[in-house]
Amino acid sequence: SLDPDAFYLLALGYARAKRWDDEGRALRTAIAINPRYTPAYVALSFEPYQRRPALAQEVRKGKVPPPWRDSLVEANRLLHQAFIIDPLAELGPPDVDPEQARFVQAYLNLALTRRFGGRPRDSLPAWVLWYQGLSAGRDGRYDPAIEDFRVLLRRAETIENDSVVPFPVGTTDFRYVLAILSDRAGRPADALSYYQQTLAGDLGHYMAHARLARLYRDHQMWTAAVTEAQRAAETNPEDPTTARELGEILLAAGRLPEAETAVREALERNPRDLGAEYVLGVILGQSGRTADARVALERFVALAPPALFGPHIDDAKRRLAALPR
C-alpha cells in the first residue's frame, strides 16, 4: 500500500497489542510515503510513554531515568516537527476516540470560559492563550486565534519565559502560527509579513519557505515563488516533498524543463510520492511526450488511493483520454 493512512491505522492496532517495535515501523513507513504526515510524528512522540507508563509522572517530578532521557529528547523533537509541518494539527495522544476527543475539547473550552471568562486577554496565562488559540484556529475562528497569538508574541518579545508546551517555543514559532492563521483568514499582507519575520528569525525554517512560496504562487508572483520553493528544498533536503512543490510551481510558471528536473529529483528521493508521479505526467503531457506521459499517469491512476487523490485521479483519467494514441 502507498496510503499513509493505512499504515497509521495499522500502527494503532499494533499499539493496542503492545507491539511497540511494529508500531514504530508502521509509523515510519507512513512518514516515508509522506514526509508531511503529521499524525505519524505525533504518534511516535508518544511511543516512549506507551512503553513506560510511569514516564509521564517521572517527567512531572523531574526524575526521568537516564536510559529514557534520549527517548524524551527525540519525542519532543518529533512533536515539534509535527508542529512545524502544521501548527493546527492535533498534537494529543493518537489512541483517543475522535468523539471522545471532541467531548474533552468542548469540556475544556467550557472550563476555561468559566475560569477565565471576562478577563482581559493580556491577563490570561500563556498556556490558556496557547490552547484556546490553537483550538480556535482548528475550528476556523481565525480572528480570536490571531489575537491570542499576538499576545503570546508580545510577551515573547519582552523575553517573558513561560513554558507552554513540551517543546520550546518562542517568537519564531508564534510568528509562524500568526502567518498561517493570517493566510487562512484571507489576510495575505499580514501573512507575508509574518512569514518574512519568521524567516528573519530562522532562515532555515523550511516550512515557512514552503508556505511563503505557496502564497506567492497564489498571487502569480512566479519569480518570488520559485525562489522560496528553492530555499525550502535547500534548507531541508530530507523532505523530498519540497522538490515536488518546486516542480509544481515551475509547471504553473510554464518552465517545463526545470519543472521536470525538480519532479524527477523528488521521485528519485521518494519513489513512493504518487503526487510527484501525477505532476510528472502533467509535465510530460504538456511537453508533447505523450508516451512517457501515459506511463506516468497510468501508474498514478493504478496506485493512488482514491481517498487521498480522488480529484487528481479524475484529472489524470481525463488527461489520459485526451492523449493521442
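The values are calculated or read from the model by the stated rules, or taken from the named source; none is laboratory data. Predicted, not measured: the structure shown is a model, and the values here were computed from it. Here the Cβ positions follow ideal geometry from the backbone for every residue, glycine too, while neighbour counts run over all protein chains shown. The protein model used for the area step is the full one, side chains on, heavy atoms only, and it has no ligands, DNA or RNA in it. Shrake-Rupley method; radii C 1.70, N 1.55, O 1.52, S 1.80 Å.
Which condition number in (1) in a helix (DSSP H, G or I); (2) more than 14 Å from Ala89 (Cβ to Cβ); (3) touching a residue at least 40 places away in the same chain (Cβ under 8 Å) is the one that Leu2 fails?
So Leu2 meets the others, but not (1).
Matching residues to (1) over 21 Å from Ala229 (Cβ atoms); (2) of a type in the set (D, E, K, R); (3) surrounded by 19 or more Cβ atoms within 10 Å (Cβ to Cβ):
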site: Glu260; (1), (2), (3): no, yes, yes
site: Asp273; (1), (2), (3): no, yes, yes
site: Leu284; (1), (2), (3): no, no, yes
site: Gly288; (1), (2), (3): yes, no, no
site: Ala302; (1), (2), (3): yes, no, no
site: Ala316; (1), (2), (3): yes, no, yes
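Can you give me the number of residues within the stretch 21-53 that are open to solvent by less than 50 Å² (accessible area, probe 1.4 Å) and either among the small types (Gly, Ala, Ser) or touching a Phe, Trp or Tyr at 6+ places or on another chain (Cβ under 8 Å) (or both)?
18
Kindly establish whether Glu260 is over 30 Å from Ala136 (Cβ atoms) and of a type in the set (Asp, Glu). Even if it seems obvious, please write down each step before you answer.
Numbers: over 30 Å from Ala136 (Cβ atoms): yes; of a type in the set (Asp, Glu): yes.
Yes: the conditions hold for Glu260.
Kindly indicate the residue of the stretch 207-241 that is assigned to a helix (DSSP H, G or I) and touching a residue at least 40 places away in the same chain (Cβ under 8 Å) and also farthest from Glu268 (Cα to Cα) among those meeting that condition.
Once the filter is applied, the top-ranked residue is Met207.
If you take the residues in the stretch 216-248 that are surrounded by fewer than 24 Cβ atoms within 10 Å (Cβ to Cβ) and of a type in the set (Val, Ile, Thr), which one is farthest from the chain's Cα centre (by Cα)?
Of everything passing the filter in the stretch 216-248, Thr223 is farthest from the chain's Cα centre (by Cα).
With respect to Arg264, determine if the residue is touching a Gly at 6+ places or on another chain (Cβ under 9 Å), surrounded by fewer than 22 Cβ atoms within 10 Å (Cβ to Cβ), on the phi < 0 side of the Ramachandran plot and among the basic types (Lys, Arg). Before the answer, list the steps.
Working: touching a Gly at 6+ places or on another chain (Cβ under 9 Å): yes; surrounded by fewer than 22 Cβ atoms within 10 Å (Cβ to Cβ): yes; on the phi < 0 side of the Ramachandran plot: yes; among the basic types (Lys, Arg): yes.
The answer is yes for Arg264.
Looking only at the stretch 177-193, decide whether some residue is open to solvent by 20 Å² or more (accessible area, probe 1.4 Å), assigned to a loop (DSSP other than H, G, I, E, B), in contact (Cβ under 8 Å) with a residue 24 or more places away in the chain and more than 19 Å from Gln81 (Cα to Cα).
Yes, because at least one residue in the stretch 177-193 is open to solvent by 20 Å² or more (accessible area, probe 1.4 Å), assigned to a loop (DSSP other than H, G, I, E, B), in contact (Cβ under 8 Å) with a residue 24 or more places away in the chain and more than 19 Å from Gln81 (Cα to Cα).
Taking Pro166 and the conditions (1) crowded, with 18+ Cβ neighbours inside 10 Å; (2) modelled with pLDDT under 95, which numbered condition does it fall short on, given that it satisfies the others?
Looking at each condition in turn, Pro166 falls short on (1).
Of all residues in the stretch 246-273, count the ones that are assigned to a helix (DSSP H, G or I) and of a type in the set (Lys, Arg).
2
Just one of (1) under 24 Å from Leu2 (Cβ atoms); (2) modelled with pLDDT of 95 or more trips up Pro237, so point out which.
(2)
Do you know which residues across the stretch 52-96 are touching a residue at least 40 places away in the same chain (Cβ under 8 Å) and in a loop (DSSP other than H, G, I, E, B)?
Of everything in the stretch 52-96, those that are touching a residue at least 40 places away in the same chain (Cβ under 8 Å) and in a loop (DSSP other than H, G, I, E, B) turn out to be Asp86, Pro87, Leu88, Ala89, Glu90, Leu91, Gly92, Pro93, Pro94, Asp95.
May I ask you to list the residues in the stretch 278-304 that are under 30 Å from the mean Cα position of the chain (by Cα) and either basic (Lys, Arg) or outside any helix (DSSP H, G or I) (or both)?
Arg299, Ala304
Name the one entry in Leu274, Leu251 that is over 26 Å from Arg175 (Cα atoms) and under 19 Å from the mean Cα position of the chain (by Cα).
The match here is Leu274.
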